[in-house]
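Please read through the structure below; I'll follow up with questions.
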Amino acid sequence: MGRMNFEEMLATFGVYGASVIVGILSGLLPLPVGESFLLALSSEARVSWWALQGSILIVVAIQTAIRVPMFYAGTRADHVPSKRWRDRLERARKKVEKWQDKPKWILFIAAVFGFPPYYLAVIVAGILKMPLRTFLIVSVAGRLIHYGAIAASPYLFR
């Protein structure tokens, strides 16, 4: 079976089915899968504004749900078998904890702009023992802005 192009994916799975697949891939891979899909989707004249908004919500929800185990893996970082790595993580945690609310802002900035890498920021949020509710609120808000801006960009040039 050959590779499936964008049009074939939409025809086979529909807009929302393709959004689910892209959400899963963007949650698992540190690649701009969601960005590429939503940019292509928003550039496509056949897709309604409401379908685009639904796709953004689906991609954000699935990507965030897939990142929750990564977040929890970060919370378990102090159980790393290597004493050297535990010591390093503890020193890093103490440095970052001095920043008070800044880890929330760093996660938000990573979710919106992708720098520092969002993939890494998720794990660091877990290492810093950020409450899950805070992690979810900050991540979803940042990712909605991120994907919304990407999906809106073709409309600026029409």
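Toward the positive end of the charge dipole of the range 3-156, about the Cα centre and with charges on Cβ (Lys, Arg +1; Asp, Glu -1), which of Ile137, Ala121, Ala149 goes farthest?
Comparing the listed Cα positions along the dipole, Ala121 ranks first.
In a Debye calculation with equal point scatterers on the alpha-carbon sites of the range 3-88 and no solvent, what is log10 I(q)/I(0) at q = 0.10 Å⁻¹?
The Debye formula, applied to the Cα set alone, gives -0.35.
Starting from 0.36 nm per residue, how many nanometres of slack lie between Asn5 and Ala152 once their C-alpha separation is accounted for?
The Asn5-Ala152 span can extend by a further 50.7 nm.
Along its three principal axes, how long is the chain when you only count alpha carbons? Whole Å, largest extent first please.
54, 37, 22
Treating the beta-carbon of each Lys and Arg as +1 and of each Asp and Glu as -1, no other charges, what is the dipole magnitude of the range 1-86 about its Cα centre, to the nearest 20 debye?
Dipole size: approximately 620 debye.
While we're looking at this one, here's another question. Add -39500 (n - 2.57) for each DSSP H run of 4 or more in the chain, then divide by its residues: what number comes out at 222 nm, to the nearest 500 deg cm²/dmol?
Here the helix-only value at 222 nm equals -26500 deg cm²/dmol.
Using Cα-Cα distances under 8 Å and only pairs 6 or more residues apart, what relative contact order does the range 56-140 have, in percent?
43
Of Pro32, Pro81, Ile62, which is farthest towards the positive pole of the range 17-99's charge dipole, taken about the Cα centre with +1 and -1 on the beta-carbons of Lys, Arg and Asp, Glu respectively?
Going by the Cα projections, it comes out as Pro81.
Here is a further query. For the range 29-158, with only Lys/Arg (+1) and Asp/Glu (-1) charged at the beta-carbon, what is the dipole magnitude about the Cα centre, in debye rounded to 20?
Values: 18 positive and 7 negative charges, 135 e Å.
Using only the charged Cβ atoms, the result is roughly 640 debye.
None of the figures in this text is laboratory data; all of them are computed from the coordinates on show. Everything numeric here is computed off the predicted structure, so don't read it as measured data. A quick note on method: Cβ atoms are made from the backbone with ideal geometry, for glycine too, and the neighbour counts reach across all protein chains shown.
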